[in-house]
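Read the figures in this text as sums done on the coordinates, not as results from a lab. It should be emphasised that the depicted structure is a prediction, and the values quoted were computed from it without experimental measurement. Neighbour counts run over all protein chains shown; Cβ positions are idealised from the backbone, glycine included.
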Amino acid sequence: MRSTPLIAGAVIAHAGRVLLIRRATPAGALLWSFPSGKVDPGETASQAAAREGPLPEWWTR
């Protein structure tokens, strides 16, 4: 069993811009980062990165 979590992230770029998110959790409160999260059991890193990708509630201008 893995003692440290496996993390996957995504760098999403389009038209010279990159997607950043602000964390609302206490550990990273209001810090900017690339979308990322833990890889669930039975999930590949690619699947986790796609799951953590841009959700509609993240979209701002």
(Q) Modelling each spin label as a point 7 Å along the Cα-to-Cβ direction, I'd like the Ala15/Gln47 distance in nm, to one decimal. (A) 3.3
Q: Count the net charge of all other residues whose Cβ sits under 12 Å from the Cβ of Gly37, scoring Lys and Arg as +1 and Asp and Glu as -1.
A: 0
